[in-house]
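Undergrad: Got a structure for you, questions after.
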Amino acid sequence: MKTDTILYDYASDAARWDAVQRRERAADGAFYYSVRTTGVYCRPSCGARPARRENVAFHASCAEAESAGFRPCLRCRPDLPPLAERQAQLVAAACRLIEASEEEPSLDALAGSAGMSRFHFHRVFKAQAGVTPKAYAGAVRAARVRAGLAQGAPVTDALYAAGFQSSSRFYAGADAMLGMAPARFRSGGAGEEIRFAVAACSLGAILVASTGRGICAILMGDDPEALVHDLQDRFPKARLVGADAGFERTVALVVGFVEAPRLGLDLPLDVRGTAFQQRVWEALRAIPAGVTVSYTELAERIGSPNAVRAVAGACAANPVAVAIPCHRVVRNDGGLSGYRWGIARKRALIDREKNDA
């Protein structure tokens, strides 16, 4: 168990003192240390001026340090949750405020609600959520428009209900927001043309499909025909067109990336999902090749530390394998699980990226 491992790593005073000297964040929560000359106790990672060893004592908890007569350090605040956790909670609250507001809240209002300056809030929000507050608010409005149109609402009603102040602002970004004209989106994609092709790679069959805006699906499996049926189910009212020779180059780029991750994959995407899914997918694209994170870490990165199951669901809903690298997410213990295209492919992709790094 991870917690047991942490406690074991800092079981001796020598190991604890070494962690304090190194200001190891990994040791935070495993123990606390007090300084006799100042009367305070700190986290191991505290950035205060180093104390002399003879003045330092170690404690298993905040309560133990306080019962010994020490008060919490005002710099590292050991009596509060870790800074990253506090920031995640503030960003999550800002996300809820954006989602609950009829109009897009200003950056000043969001920063004020978090008790931060505009600059600091913007930096923390982007670091935690993976997108800027404005981009997140745009995704929320886009989701509202999609929901309204999907329910058959007139375009004008849907755009104003989503918080747009004018139709001109909505139509200026409608194509990027919906992937097609609003009226066509409301009709379920009828008339949308999607080019696709199926190819073979070392991991089996791979289907690549694209709208006029970008790649909308990358599917992997053992049966090419099943992949085509999957695409049809995803876009039941669109017109699927077998790709021409020009599209084969795009397919070759995707296959090349699967075989050799170092080549990179810089293709425009046309992925449609909820605001939450878009946050998760943006965070996934920020994970470097050769690196894995846990579902818990990914939830923390988007500012929703309690939404681990929802994060896993967003990973499972990812329509573009490898381009949005959900294979780089593993269990907390490092084990593999939850890959819609098969655990064997997930393991192969991870191993290939690590060896190719």
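The values are calculated or read from the model by the stated rules, or taken from the named source; none is laboratory data. In this text the structure is predicted, and so the values were computed from the model without any measurement. Backbone-built Cβ (ideal geometry, glycine too); neighbour counts: all protein chains shown.
Every residue, every condition in (1) among the aromatic types (Phe, Trp, Tyr); (2) buried (at least 22 other Cβ atoms within 10 Å of the Cβ); (3) touching a Gly at 6+ places or on another chain (Cβ under 6 Å); (4) within 28 Å of residue 91 (Cα to Cα), yes or no:
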{"position": "249", "(1), (2), (3), (4)": "no, no, no, no"}
{"position": "255", "(1), (2), (3), (4)": "no, no, no, no"}
{"position": "287", "(1), (2), (3), (4)": "no, no, no, yes"}
{"position": "313", "(1), (2), (3), (4)": "no, no, no, yes"}
{"position": "320", "(1), (2), (3), (4)": "no, yes, no, yes"}
{"position": "323", "(1), (2), (3), (4)": "no, yes, no, yes"}
{"position": "335", "(1), (2), (3), (4)": "no, no, no, no"}
{"position": "340", "(1), (2), (3), (4)": "no, no, no, no"}
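Undergrad: Between residues in segment 282-306 that are touching a residue at least 24 places away in the same chain (Cβ under 8 Å) and more than 22 Å from residue 83 (Cβ to Cβ) and residues that are surrounded by fewer than 17 Cβ atoms within 10 Å (Cβ to Cβ) and among the small types (Gly, Ala, Ser), which pairs lie under 6 Å by C-beta distance while being six or more apart or on different chains?
TA: 290/357
Undergrad: Would you be able to tell me the number of residues in segment 230-286 that are in contact with a strand residue (DSSP E or B) (Cβ under 8 Å, 6 or more places away or on another chain), of a type in the set (D, E, K, R) and over 30 Å from residue 97 (Cβ atoms)?
TA: The number of residues fulfilling the criteria is 6.
Undergrad: Failed condition for residue 85, given (1) more than 30 Å from residue 331 (Cβ to Cβ); (2) at pLDDT below 85; (3) not β-branched (Val, Ile, Thr), with all others met?
TA: Of everything listed in (1) more than 30 Å from residue 331 (Cβ to Cβ); (2) at pLDDT below 85; (3) not β-branched (Val, Ile, Thr), residue 85 misses just condition (1).
Undergrad: Need pairs with beta-carbon distance below 6 Å; first residue over 18 Å from residue 27 (Cα atoms) and within segment 78-91, second of a type outside the set (Lys, Arg) and not in a helix (DSSP H, G or I); sequence gap 6+ or separate chains.
TA: Going by the 6 Å Cβ cut-off, the qualifying pairs are 88/303; 88/305; 91/303.
Undergrad: Inside segment 92-105, can you point out the residues that are touching a residue at least 24 places away in the same chain (Cβ under 8 Å) and among the aliphatic types (A, V, I, L, M)?
TA: Of everything in segment 92-105, those that are touching a residue at least 24 places away in the same chain (Cβ under 8 Å) and among the aliphatic types (A, V, I, L, M) turn out to be 92, 94, 98.
Undergrad: Specify the residue that is modelled with the lowest pLDDT; the eligible residues are those in segment 291-308 that are hydroxyl-bearing (Ser, Thr, Tyr) and within 11 Å of residue 280 (Cβ to Cβ).
TA: Across segment 291-308, the extreme among qualifying residues is 304.
Undergrad: Next question, about the same structure. Condition check: surrounded by fewer than 17 Cβ atoms within 10 Å (Cβ to Cβ), outside any helix (DSSP H, G or I), over 21 Å from the mean Cα position of the chain (by Cα) and of a type outside the set (S, T, N, Q). Does residue 291 satisfy that?
TA: no
Undergrad: Continuing with the same structure: So is residue 276 over 21 Å from residue 314 (Cα atoms) and either in a loop (DSSP other than H, G, I, E, B) or within 25 Å of the chain's Cα centre (by Cα) (or both) or not?
TA: no
Undergrad: Restricting the search to segment 96-132, which residues are modelled with pLDDT of 80 or more, among the aliphatic types (A, V, I, L, M), buried (at least 19 other Cβ atoms within 10 Å of the Cβ) and within 20 Å of the chain's Cα centre (by Cα)?
TA: 124
Undergrad: May I pose another question? If you go through segment 245-252 one residue at a time, do you hit one that is farther than 27 Å from residue 289 by Cα and at pLDDT below 85?
TA: For segment 245-252, residues farther than 27 Å from residue 289 by Cα and at pLDDT below 85: present.
Undergrad: Please indicate, with yes or no, whether at least one residue in segment 209-225 is under 14 Å from residue 257 (Cα atoms), of a type in the set (Ser, Thr, Tyr) and modelled with pLDDT under 90.
TA: No, the conditions are met nowhere in segment 209-225.
Undergrad: Sticking with this structure for a sec: With the requirement that a residue be of a type in the set (D, E, K, R) and under 17 Å from the mean Cα position of the chain (by Cα), what does segment 64-95 give you?
TA: Passing the criteria: only 85.
Undergrad: Restricting to segment 312-348, name every residue that is part of a helix (DSSP H, G or I) and within 19 Å of the chain's Cα centre (by Cα).
TA: 312, 313, 314, 315, 316, 326, 327, 328, 346 - these are the residues of segment 312-348 that are part of a helix (DSSP H, G or I) and within 19 Å of the chain's Cα centre (by Cα).
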